[in-house]
1. Ranked from highest to lowest mean number of other Cβ atoms within 10 Å per residue, what is the order of the peptides 114-123, 153-162, 3-12?
2. Can you list the residues, at least 5 places off or on another chain, whose amide H is less than 5 Å from the amide H of Ile45, using H built in the peptide plane?
3. With θ set to phi - 60°, apply the Karplus curve 6.51 cos²θ - 1.76 cosθ + 1.60 along region 19-28 and write out the HN-Hα couplings as whole Hz, x wherever there is a Gly or Pro.
4. If you average over every viewing direction, what projected area does the convex hull of the Cα atoms of region 5-50 give, in nm²?
5. May I ask you to evaluate 6.51 cos²θ - 1.76 cosθ + 1.60, the Karplus curve with θ = phi - 60°, for each residue of region 175-187 and list the ³J(HN,Hα) values in order in whole Hz, giving x for glycine and proline?
6. Give the peptides 175-185, 135-145, 15-25 in descending order of average Cβ contacts within 10 Å, highest first.
7. Against the 2.2 N^0.38 Å scaling, with N counting residues, where does region 116-193 land? I'd like the Cα-based Rg ratio to two decimal places.
8. Over region 118-193, what is the relative contact order in percent, taking alpha-carbon pairs closer than 8 angstrom and at least six residues apart?
Amino acid sequence: MNIKLPAWRYVEIEDLASTILLNHTDLTLPFNPESIAKSLGIVTIDIGDLKLSREELKDKLANNSAFCDGFCVQMPDQKLIFTNNSWFPLARDRYTFGHEIGHLELGHTQESDLSEIEANVFSRSLLSPFGIAMTFSEEQLTPNYFMDAFGLSMKAAYYAVKRTRNRKNYEDEVSETTIRLRNAFLEKEGGVM
């Protein structure tokens, strides 16, 4: 999978995630993607509650290649996210929730390499948005700080710090929505981090 999104698409996805954070959270870190999903009217189901073994679940969902982490279903009148809170670490479960919200909110109707990349961009933009990361001091730009602040795995935190460091040099090129998220977060935090 060697697909690269155009810069404008990254901005669109980041803006959608930031708008959702502004409208569906109180900006308290770390964000709870399951609560965000519910606020968006998405029904969440823990696969573990179905009392099926991995093998039974795999058989039942043979046509869905993403059965292990989670998957989403969009019906005309309802959106559903299925995850398994008991098989994976919390940070991975949070990322999966964000990823599945991304599929639903981006209007993906079929699985493709492109839709998977976009859902990944959405999840990281929802869980560790640049609008908030850009408020962190130089001393806070560490994987350990990002793990604690955003509830990320070490690997996700490492890449979030790397992206933040790369983008901090270009703060004047961020979108209005990213600036609104930054300002709302700073106001909530009393202007300092």
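1. Going by the mean number of other Cβ atoms within 10 Å, highest first, we get 114-123, 153-162, 3-12.
2. Here Ile81, Phe82, Thr83 satisfy the definition.
3. 5, 4, 4, 5, 9, 10, 9, 9, 6, 7
4. Dividing the Cα hull surface by four gives the mean projection, 4.6 nm².
5. 6, 4, 5, 4, 5, 4, 5, 4, 5, 5, 5, 4, 4
6. 15-25, 175-185, 135-145
7. Compactness ratio reported: 1.05.
8. About 37 percent, as a whole number.
Each reported figure results from applying straightforward, stated rules to the coordinates on display, with no laboratory input. These numbers come from a predicted model, not from an experiment. Ideal geometry is used to build each Cβ from the backbone, glycine not excepted, and the neighbour counts take in all protein chains shown.
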